[in-house]
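Note sheet for the following structure.
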Amino acid sequence: MPEIQFYLNDLPGNDFNTLFKRLTEFRRNYEGLSFFVMGTPGSFIERIFPQNCMHLIHSSYSEFHWLSQFPLLTTAEGLPLNKGKIYISETSPPEVKEAYLAQFQEDFTNFLQCRSKETVVGAYLVLLLNGRQSADPAIKKSCYPWESLAKAISSLVSEGPMEEEKPDDLNLPYYRASQEEVQQIVQQEGSFMVEHIETLVLDVGGPSSGEEDPCIRAKKLAKSVRSFTGSILQHHLREEVMDKLYGEKFAYLIGENMSKEPIKGISIILVLRKLYQQALHVTFCMFFYESSQTYKHGEKGLLSG
Ligand SMILES: C[S@@+](CC[C@H](N)C(=O)[O-])C[C@H]1O[C@@H](n2cnc3c(N)ncnc32)[C@H](O)[C@@H]1O
């Protein structure tokens, strides 16, 4: 019976103890399977495994869309480039889009370079990531829900309880890439071949999803957005205004959006295969050329051999 070694990766702050405790239950469901599990704390944009040992890497919504750094969005004079916004928007200057894309490119390239060192030739990377559907990151659907959160912040500012300078420095370290952008980064990095790439559109809320009161749904969604953006906003806004911001202003604005059209969640499925090293590739092609086999057939033979 084959034995499988799993390495479970997350950031060091993750509760690995709870994860390991739940493995007992998992083992009960897979009694015929011989497997071993280890935890691997660390960020996936750095090296987390030894060289040349992994056969399959799978990542499901592991937050590639959170950037490792805040994009630098100030003019040479230090003035904010994206005033009144917290993400790319229709009114943002081109430098804003460029800075966001550049940071995503850097992070995703680091991820690929590290996995390239750690995987064996022919290994698969199966990734599921949050993305966007349109080519332009500035169109309304791509900016959801950050346009509404920026409006909610501006509305609070106009009521006067905050100093205006602080929200202007705020730009979320977040970027949802398009399928084309992801594919281009993979090709530029060069270690992996794209076996499959697909964009999925999922209905995640709005008029068509259930009978629940839209107002309650909007409050729930606002609460969930607060759970992963609240700590970032706290550095820019006073604690006292946070309840009003998320519970009233933001909930109202997303409620308005939800009543008009369903909210779509966009995911990108990506299956990559580690390419052969150049020298091996050439020798191998020559061998099959001589024996009149196709390259594709040969490729499989080498993998299983
Ligand atoms: C939305 S959860 C995904 C959970 C699970 N994969 C699933 O499909 O249900 C995202 C996880 O990615 C982890 N994560 C975020 N950034 C990471 C990084 N740079 N390196 C490793 N893990 C990271 C988070 O700590 C979190 O546990």
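From GLY84, GLY122, GLY78, grab the single residue that is under 28 Å from LYS223 (Cα atoms), over 21 Å from the mean Cα position of the chain (by Cα) and surrounded by fewer than 18 Cβ atoms within 10 Å (Cβ to Cβ). So that I can check it myself, show each step before the final result.
Working: GLY122 fails: under 28 Å from LYS223 (Cα atoms); GLY78 fails: under 28 Å from LYS223 (Cα atoms).
Exactly one of GLY84, GLY122, GLY78 is under 28 Å from LYS223 (Cα atoms), over 21 Å from the mean Cα position of the chain (by Cα) and surrounded by fewer than 18 Cβ atoms within 10 Å (Cβ to Cβ), namely GLY84.
Looking only at residues in the range 2-19 that are within 9 Å of the ligand (Cβ to nearest atom) and surrounded by 12 or more Cβ atoms within 10 Å (Cβ to Cβ), which one is nearest to THR119 (Cα to Cα)?
ASN9
Just to be sure, is GLN188 at pLDDT 95 or above and in contact with a Pro (Cβ under 7 Å, 6 or more places away or on another chain)?
No; evaluated as a whole, the condition is false for this residue.
Which number in (1) in a loop (DSSP other than H, G, I, E, B); (2) surrounded by fewer than 15 Cβ atoms within 10 Å (Cβ to Cβ) marks the one condition that PRO137 misses?
All conditions are met except number (2).
Could you please tell me which pairs satisfy a Cβ distance under 9 Å, a separation of 6+ or placement on different chains, a first residue in the range 85-101 that is farther than 14 Å from ARG176 by Cβ, and a second residue that is of a type in the set (Phe, Trp, Tyr) and assigned to a loop (DSSP other than H, G, I, E, B)?
Once the first residue is farther than 14 Å from ARG176 by Cβ and sits in the range 85-101, its partners that are of a type in the set (Phe, Trp, Tyr) and assigned to a loop (DSSP other than H, G, I, E, B) give VAL96/TYR87.
Being exposed (fewer than 13 other Cβ atoms within 10 Å of the Cβ), in the same structural domain as SER134 (by TED's automatic domain parsing) and either in contact (Cβ under 8 Å) with a residue 60 or more places away in the chain or β-branched (Val, Ile, Thr) (or both) is the requirement here; does PRO50 meet it? Walk me through it before giving the result.
Values: exposed (fewer than 13 other Cβ atoms within 10 Å of the Cβ): yes; in the same structural domain as SER134 (by TED's automatic domain parsing): yes; either in contact (Cβ under 8 Å) with a residue 60 or more places away in the chain or β-branched (Val, Ile, Thr) (or both): yes.
Yes: the conditions hold for PRO50.
If ARG22 satisfies all but one of (1) in the same structural domain as LEU156 (by TED's automatic domain parsing); (2) within 15 Å of the ligand (Cβ to nearest atom); (3) farther than 27 Å from LEU270 by Cα, what's the number of the condition it fails?
(1)
Does SER43 fit the bill of being in contact (Cβ under 8 Å) with a residue 24 or more places away in the chain, of a type in the set (Gly, Ala, Ser) and within 15 Å of the ligand (Cβ to nearest atom)? Show your work before the answer.
On the way: in contact (Cβ under 8 Å) with a residue 24 or more places away in the chain: yes; of a type in the set (Gly, Ala, Ser): yes; within 15 Å of the ligand (Cβ to nearest atom): yes.
Criteria met by SER43.
Being surrounded by 16 or more Cβ atoms within 10 Å (Cβ to Cβ) and either of a type in the set (Ser, Thr, Tyr) or within 13 Å of the ligand (Cβ to nearest atom) (or both): is that true of ASN110 here?
Values: surrounded by 16 or more Cβ atoms within 10 Å (Cβ to Cβ): yes; either of a type in the set (Ser, Thr, Tyr) or within 13 Å of the ligand (Cβ to nearest atom) (or both): yes.
Against the criterion (surrounded by 16 or more Cβ atoms within 10 Å (Cβ to Cβ) and either of a type in the set (Ser, Thr, Tyr) or within 13 Å of the ligand (Cβ to nearest atom) (or both)), ASN110 qualifies.
Looking at the structure I just gave you, is GLU181 modelled with pLDDT under 85, within 24 Å of SER92 (Cα to Cα) and of a type in the set (D, E, K, R)?
no
Which condition number does LEU72 fail, the rest of (1) on the phi > 0 side of the Ramachandran plot; (2) surrounded by 11 or more Cβ atoms within 10 Å (Cβ to Cβ); (3) modelled with pLDDT under 90 being met?
(1)
Do the conditions hold for TYR61, that is, is it within 13 Å of the ligand (Cβ to nearest atom) and modelled with pLDDT under 95?
Values: within 13 Å of the ligand (Cβ to nearest atom): yes; modelled with pLDDT under 95: yes.
It is true that TYR61 is within 13 Å of the ligand (Cβ to nearest atom) and modelled with pLDDT under 95.
The values are calculated or read from the model by the stated rules, or taken from the named source; none is laboratory data. Only a predicted model underlies this, so the values are computations on that prediction, with no experimental measurement involved. Neighbour counts run over all protein chains shown; Cβ positions are idealised from the backbone, glycine included.
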